[in-house]
Structures are given as C-alpha cells and as structure tokens.
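One structure is given here, and the rest of the page talks about it.
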Amino acid sequence: MEEVLGRFKGSRGELIGILQAVQERLGYLPERAMLRIARFTKVPESQVFGVSSFYAQFRFKPVGRRRVMVCQGTACHVRGGAKILDEIEKRLKIRPGGTTPDLEYSLDTVACIGACALAPTIMINKDTFGRLTQKKVGDIFGGTPEKGGE
Ligand code: FES
C-alpha cells in the first residue's frame, strides 16, 4: 500500500489513478485501503467511497487467483455462451461477481473479448479459450456439474 502511494503526490486529482493502482496491486479495494487513500489525498472518506462505487471497474471484495471472464457478446451468445456460463457456474458453484471460498476463482461476464471467430469464448487471467463446449468446460475446471448438467 505505502509503496503504491509513494508513486503519487497525494493530490485530489490523483484519486482515480490511486484507486486503480491500489486495486491493481491488491486485486480489490479493502475498506482500510480506502481510508488510507482518503487520508493521503485529504479527500473526505465519504467521497472516496462515493467515487469508487460510482465506477464499475472497482471491486470491494477479494478476487480469486484466476479471474474467469465469460463472454456473453452477440457472437458468443448465438453459439451457446449462456450454456457455457451455466456450466461454469455449476462447476465453480458461484455466480458472476462471485469468488470461490478458497479464492481460487472469480467469475464475471464480459461483452466481447475480441475473439469472436472462436465463439463461444472465455478468458482465464490473460489466456483465451475458444470453441468451448460443456465438455471442454469440464476439462478446464473439473468439479462436478449439478444434476441435469452434461
Ligand atoms: S462476442 Fe464473444 S468474443 Fe466477441
């Protein structure tokens, strides 16, 4: 935290940049970090919380070591993206926005990851997986699908 703050002067105008840098370092914005940022920038705590909750990019809960982003864009949707999401939810037992209790996986949806030719697609951290089927999802994630799964 202090190392990240050391890169900034502490001016109000840096608030968003500081929030981004801290989230990049910690993976999310814990309450204690936001209180520290408020002191550092001399921005009232309520404003730091207000600004950070305004932007969808900021997260307030820990994220998993593997961030899974399931594409729900048009190309992926027409090729069964919803089924892929459903299968991943069943195997990881979390919904989009959630993180597994062991902090191994976080799950989110995205509008397009720019690999439409490979639809349906997902990303795990920086790796793209395409032409997914429910079976391939099983190979990637393991786990047991709930009853009714493939
Ligand atoms: S719509 Fe899914 S990669 Fe573009």
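Each reported figure results from applying straightforward, stated rules to the coordinates on display, with no laboratory input. Quick caveat: nothing in here was measured; it's all calculated off a predicted structure. Quick reminder, even Gly has a Cβ in these numbers, built from the backbone with ideal geometry, and neighbours come from all protein chains shown.
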Backbone HN-Hα couplings from phi across the range 32-42 [Karplus 6.51/-1.76/1.60, Hz, Gly and Pro as x]: 4, 5, 5, 5, 5, 5, 4, 5, 5, 8, 6
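What 222 nm value per residue comes from the helices of the chain, counting each DSSP H run with n ≥ 4 as -39,500 (n - 2.57) and dividing by all residues, nearest 500 deg cm²/dmol?
One gets -11500 deg cm²/dmol as the mean residue ellipticity at 222 nm.
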Compactness check, the range 50-99: C-alpha Rg relative to the 2.2 N^0.38 Å globular estimate gives 1.36
Radius of gyration and maximum dimension Dmax of the range 2-54, Cα, Å: 9.6, 26
How tilted is helix 45-54 with respect to the longest principal axis of the chain? Cα atoms for both, answer in degrees (0 to 90, nearest 10). 30 degrees
So the FRET efficiency between Tyr55 and Thr133, C-beta based with R0 = 41 Å and rounded to 0.05, is 0.70
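Quick one: Cα convex hull volume of the range 45-150, Å³ per residue?
Value for the range 45-150: 112 Å³ per residue.
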For the chain, find the longest principal axis of its Cα atoms and tell me its angle to the long axis of helix 81-92, 0 to 90°, nearest 10. 70 degrees
Mind pulling up the Rg/Rh value for the range 1-109? Radius of gyration and Kirkwood radius, both on Cα. 1.09
